[in-house]
Amino acid sequence: MHPDDDTPPPRPRWLGWALIAFGLLVALGMLNLGVRMVLSAKPAQADAPQQPTSTAPVAGFDEVPPTSSLVGQALVQASDCLRCHGMDRRYVGPSFRQIADRYRAQPDAANYLARKIREGSVGEWGRTVMPRHPQVNEVQAQAMALWVLGLQPAEGGRAAAPP
């Protein structure tokens, strides 16, 4: 460009077409991902475990006895657990059924899992790091752990096998 010239040099036409093609590829990829997530979420909702009803009051989650599975399920759904854990499918961390299958036979499993929820863990399921959740109190963590341990095993034992 000459110092006295006010017009910039023209850009090549292929650059515009390349940007349009890249934008279309990104949009199609995001659409594909969204469709796959919606289709995989619908069967999981139909296979959701039926929890027995509890007579415990559900007014506040802080004071509810940890034996209420409905409270544990509500706490899990209200927290950020579903970002990393699926019901039957492993995402970042193991699925809830995999956790239940691994720890169900241990006598202190509920206390162990409640501690892992509050303090976090690393190395239990490979190199995956579970962050700590200090905002969850002990009663809430106990209710969440009891809900996970109360899940029915997967059909055919597929959920217990790590990928």
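Quick look at the values:
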{"item": "Long-range HN-HN contacts of R90 with modeled amide H, under 5 Å", "result": "S95"}
{"item": "³J(HN,Hα) computed for each position of segment 128-139 - Karplus, 6.51 cos²θ - 1.76 cosθ + 1.60, integer Hz, glycine/proline x", "result": "6, 9, 9, x, 7, 10, x, 6, 8, 7, 5, 5"}
{"item": "Listed peptides 26-32, 98-104, 129-135 by packing density, highest first (mean Cβ within 10 Å)", "result": "98-104, 129-135, 26-32"}
{"item": "Order of Y91, Y112 - criterion: other Cβ atoms within 10 Å of each residue's Cβ, fewest first", "result": "Y91, Y112"}
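Coordinate-derived values only; no laboratory data. Since the model is a prediction, treat every value here as computed from it, not as a measurement. Cβ atoms come from the backbone with ideal geometry, glycine included; neighbour counts cover every protein chain shown.
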